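Peer 1: Supplied in structure tokens, the structure appears directly below.
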Amino acid sequence: MTSDSRTPSVPEPPEPGSPAWWQARYTERARRRPRAGGLTLARITAGALELADRDGLDSLTMRSLGDHLQVRHTSLYRHVASREELLIETVDHMLGEIRLPSLTTDWQTGLEEGAREFRRVLAAHPALVPALTSGQLLGPHALRAREHALGQLLDQGWDPRTAVHVYLTVTHFVIGSAVLDSGGAARTGPQRAAMTELFANLSPRTHPVVRRHAELLNTPDGEGEFTFGLRALTAGLGRLHTEEIDA
């Protein structure tokens, strides 16, 4: 008789930010008992947000955060296993700053207020905006906002399937706008002036339309673009809602 000496395979840990990772995090939080006076995840993520706001995202490391909090950086690993996990948890901490609109408003007003509030929070922490795409937004603060927005849409007559599409479309619009505003595509006043000059000097043979509207193309700033886009988006959704009710 022979014995099987093969070592049992160890399952790979879930990818940080994935649904499985968040599920494990929720299970761990339910079991963990906080230490009196000890370091908490809330304190860690608040400190991480402060550090990113002050010095930029690249400056945020486990060691620099430990120095910022005046604790040994090794103590952070009891709460987050890596910088990647730290970023994901810090993004959710940031989302906790969102002030949810009143449920008594109509769906369109509530949707626009929620979108503007989401944008306000992201604009207050531009350094952390690139980390929005580092994992799924499934933390407790993200789920709080999701529950609120979907509940409002459903309470005001939206079909569940369509309500989900509406919520995701508006959420992704806000995130996309914030990513553009915080990255290299952001257009300051001087940048818009330089682009106007560039367009105005294009050949009228190859780019007659862009050349003719050089100034107009560079008039809106990020806020103006967002306001117009949100208005157009909610107006279109309003027509969709009317068609859904009449169907």
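Any read-out appearing in this document is the output of simple, stated calculations on the displayed coordinates, not a laboratory observation. What you are looking at is a predicted structure, and each value in this text was computed from that prediction instead of being measured. Neighbour counts run over all protein chains shown; Cβ positions are idealised from the backbone, glycine included.
Peer 1: Based on DSSP H runs of at least 4 residues, each adding -39500 (n - 2.57), what is the mean residue ellipticity at 222 nm of the chain after dividing by all its residues, to the nearest 500 deg cm²/dmol?
Peer 2: -20000 deg cm²/dmol
Peer 1: Can you give me the distance in nm between label points at residue 169 and residue 221, each placed 7 Å from the Cα along the Cα-to-Cβ direction?
Peer 2: Taking the simple label geometry, residue 169 and residue 221 are separated by 2.9 nm.
Peer 1: Still on this structure, I have one more. Nearest 10 degrees is fine. How inclined is helix 189-200 to the longest principal axis of the chain, computing both from alpha carbons?
Peer 2: Its long axis makes an angle of about 50 degrees.
Peer 1: Quickly work out the residue 198-to-residue 146 label distance, labels modelled 7 Å from Cα along the C-beta direction, and quote it in nm with one decimal.
Peer 2: Taking the two extended label points, one gets 3.8 nm.
Peer 1: For the range 28-95, with the dipole built from +1 on Lys and Arg beta-carbon atoms and -1 on Asp and Glu ones, taken about the Cα centre, which of 73, 56, 94 lies farthest toward the positive end?
Peer 2: Value: 73.
Peer 1: Could you please report the charge total around residue 204, scoring K, R as +1 and D, E as -1 over all other residues with beta-carbon less than 13 angstrom from its beta-carbon?
Peer 2: It works out to a net charge of +3.
Peer 1: Please check which bits of the range 142-175 a label hung off residue 40 would reach, taking the label as a point 7 Å along Cα-to-C-beta and the cut-off as backbone N under 18 Å.
Peer 2: 142
Peer 1: When the chain is treated as a GNM, springs tying every alpha-carbon pair under 10 Å, which of 115, 235, 123 comes out with the largest mean-square fluctuation?
Peer 2: 235
Peer 1: Further question: How many percent of all Cα-Cα pairs in the range 28-95 sit more than 14 Å apart?
Peer 2: 55
Peer 1: Let me have the relative contact order for the range 28-95, percent, based on Cα pairs under 8 Å that are six or more residues apart.
Peer 2: Relative contact order, the range 28-95: 33 percent.
Peer 1: Next question. Which listed residue (114, 133, 195) has the Cα farthest towards the positive end of the charge dipole for the chain, taking +1 on Lys and Arg C-beta and -1 on Asp and Glu C-beta about the Cα centre?
Peer 2: 133
Peer 1: Along the principal axes of its C-alpha atoms, what lengths does the chain span, in descending order and rounded to whole Å?
Peer 2: Extents along the principal axes: 82, 53, 50 Å.
Peer 1: Could you give the size of the charge dipole of the range 28-95 about its Cα centre, using +1 on the Cβ of each K and R and -1 on the Cβ of each D and E, expressed in debye and rounded to the nearest 20?
Peer 2: 560
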